[in-house]
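Engineer: Next up is a structure, given as structure tokens.
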Amino acid sequence: MLTPVRMPGEWQQPRNREVQLAKQQPDPTRVAVLLNCNARKVTDRIIRSAEHIVGSENVFASKSLDEAEAMSREIVQRGYGTIVCGGGDGTLARAVNFVYRYVDEANSWRLERFRRFGEAQSLLGNPRFAFLKLGTGNGMSSVVGAGRPVDDLNTIINYIPGRTHSIPLIEMDGERFFFGGVGYDSQILDDYNHLKARAKNRLFKALMQNVTGYLAALLLRSAPRIAFGTGEKLEGRVTTLGRAFYIDPRRGDAVTEIEPGTTLFEGRAGIISAGTTPFFGYGFRIYPFARMMPGMMQLRIATTGPLRGLASIGRLWNGSYRQPSGLWDFFVENVKVELERPFPFQHSGDAQGLRDRLDFKIADDSLELVDMYRPWRLA
């Protein structure tokens, strides 16, 4: 019996073939712990405790970004469904980016194999994450109720599958994050890193590892330069490219819809920043309206001077400060920020260098984060 002969081109499926591959979610009971050894509270004792709870083969302690990226790939390849991140907000954001990027690459490869050869493999689903409060700012801890790291890790293991909290993500230049912007926040962060890098005394080093360090950066470097006009000037234009709403404090924070393509702001500002979670860190509620409009981020633009800001620090901290002539809040899904000159940019509490344009948009995928708070119940 003769075997039919296929020409080489016959092995390939049409490029426009409809793709129908199932997505398989990784098992949430398979838990990996990814620790940032450069984070303030990640110690040998914490690493040993994590190994005792989940097993040493499931603990990944990274000392560099290259190690963290390689470990994230291995975590995805092994099929872990829950990734517990130990560090600060930047540690969590980096892990999410590494993992999501590798999942996207793996799925693109599987889709291409299906289009070319009809080889059907299940697409990978994104794992869920959990947050251990081991960094400096830990803004995400207030969102999900993270407390004592070892107790939280035990809770995650003992109550799998626990509840998760869906967090929208902001995307820019292929990076996903929870908050980011330019202005006083990024200047203070740059000044904080400047002082921390020059801290030689052991006591001074310890003080620079908590909120005291940020206050020192503000009082010793940022505030004097801003007050005397010697600091960088933030000037630019903000344009909405999608749906947007103005949050009007004169009308009890009522929202007014704005047409796409509208210029939301133009001129000199103290801060232009966006977030999908309320907190910077230490309970600082800089985005008090975040999460109130599904599928949107809060954009905050301020022209209020540093002296007025310091005088109102309590209300700024708890999110109750309103100033119709100097503080503007919006719900947006896609905005373009064009700056007159490059300015320090930060996201997730980490400095990202100078930028003269920011393109913030809501990412297609969100983050499923284990929620440590007790469920709300009607009394």
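Engineer: Cα to Cα, under 15 Å, and not fewer than 8 places away if on the same chain: which aspartates and glutamates meet these conditions relative to LYS41?
Structural biologist: Cα-Cα hits under 15 Å: ASP89, ASP151, ASP152.
Engineer: Along the principal axes of its C-alpha atoms, what lengths does region 22-162 span, in descending order and rounded to whole Å?
Structural biologist: Per principal axis, max minus min of the Cα coordinates gives 50, 31, 29 Å.
Engineer: Moving on. For TRP328, TRP109, TRP317, what's the fewest-to-most ordering of other Cβ within 10 Å of each Cβ?
Structural biologist: TRP109, TRP317, TRP328
Engineer: Please work out how much length the chain gains when fully extended from SER122 to ARG250, using 0.36 nm per residue of separation minus the C-alpha to C-alpha distance, in nm with one decimal.
Structural biologist: Stretched out fully, the SER122 to ARG250 stretch lengthens by 40.9 nm.
Engineer: Among 25-33, 147-155, how do they line up by average Cβ neighbours within 10 Å per residue, starting with the highest?
Structural biologist: Ranking the peptides 25-33, 147-155 by packing returns 25-33, 147-155.
Engineer: Rounded to the nearest 0.05, what FRET efficiency do MET292 and GLN25 have when you use their Cβ-Cβ distance and R0 = 35 Å?
Structural biologist: The value I calculate is 0.75.
Bear in mind these aren't lab numbers, they're just calculated from the coordinates by the rules spelled out. Everything quoted here is computed from the prediction, not taken from an experiment. Cβ atoms come from the backbone with ideal geometry, glycine included; neighbour counts cover every protein chain shown.
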